[in-house]
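Q: I'd like to ask you about the structure that follows.
The values are calculated or read from the model by the stated rules, or taken from the named source; none is laboratory data. If you're wondering where the values come from, they're calculated on a predicted model, not measured in any experiment. Counting neighbours? That spans all protein chains shown, and the Cβs are built from the backbone with ideal geometry, glycine included.
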Amino acid sequence: MDSDFASGEDTAFVYDEISNIIKEAIEATIGGNSYQHNKVNQWTSNVVEQCLNQLTKLGKPFKYIVNCVIMQKNGAGLNMSNSCFWDNTTDGSCTVRWENKTMYCIVSIFGLAI
């Protein structure tokens with residue numbers, strides 16, 4: 001019985017685990033930097049790649065979709081919406097909003113069980 005519980009946990013989309021992966025990727029990539037338009041493309045690519053690398057290391061049976069938006073803090077609005085048709089018992093999503101004095105970084109990860 002215990003082995004069934006462990007195997008279920010090994011294949012679950014664990015929100016807290018994914019959230020930590022996102023936060024670590026953002027901190028490692030952007031950290032204390034100020035917004036710089038010429039670096040945003042590289043930063044978004046690095047955050048996405050680091051998240052995917054860490055997700056792959058988990059060894060869970062998921063296909064992942066990672067989305068990263070970096071926006072300068074200048075008073076402009078940003079509205080985002082995501083919608084999925086999936087199995088709520090196996091699939092999951094996690095969105096983290098990170099900010100410093102000059103920018104916002106929003107990362108969403110969707111995990112689809114295979």
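Q: How do the pairs read when you match residues in segment 1-20 that are farther than 15 Å from L112 by Cα with residues anywhere that are part of a loop (DSSP other than H, G, I, E, B) and modelled with pLDDT of 80 or more, using Cβ under 8 Å and keeping only pairs 6 or more apart or on different chains?
A: E17/L58
Q: Further question: Hey, D16 hits all of (1) assigned to a helix (DSSP H, G or I); (2) over 9 Å from the mean Cα position of the chain (by Cα); (3) surrounded by 14 or more Cβ atoms within 10 Å (Cβ to Cβ) but one; which does it fall short on?
A: Going through the list (1) assigned to a helix (DSSP H, G or I); (2) over 9 Å from the mean Cα position of the chain (by Cα); (3) surrounded by 14 or more Cβ atoms within 10 Å (Cβ to Cβ), D16 breaks only (3).
Q: While we're here: Quick one: which residue in T11, T56 is surrounded by fewer than 16 Cβ atoms within 10 Å (Cβ to Cβ), more than 17 Å from the chain's Cα centre (by Cα) and not aromatic (F, W, Y)?
A: T11
Q: State all residues of segment 77-102 that are farther than 21 Å from W43 by Cβ and either in contact with a helix residue (DSSP H, G or I) (Cβ under 7 Å, 6 or more places away or on another chain) or of a type in the set (A, V, I, L, M, F, W, C) (or both); if no residue qualifies, say none.
A: C84, F85, W86, G92
Q: So is N33 in contact with a helix residue (DSSP H, G or I) (Cβ under 9 Å, 6 or more places away or on another chain), in a strand (DSSP E or B) and not basic (K, R) or not?
A: no
Q: Can you work out which of the residues in segment 65-114 that are outside any strand (DSSP E or B) and in contact (Cβ under 8 Å) with a residue 60 or more places away in the chain is nearest to the chain's Cα centre (by Cα)?
A: That would be D91.
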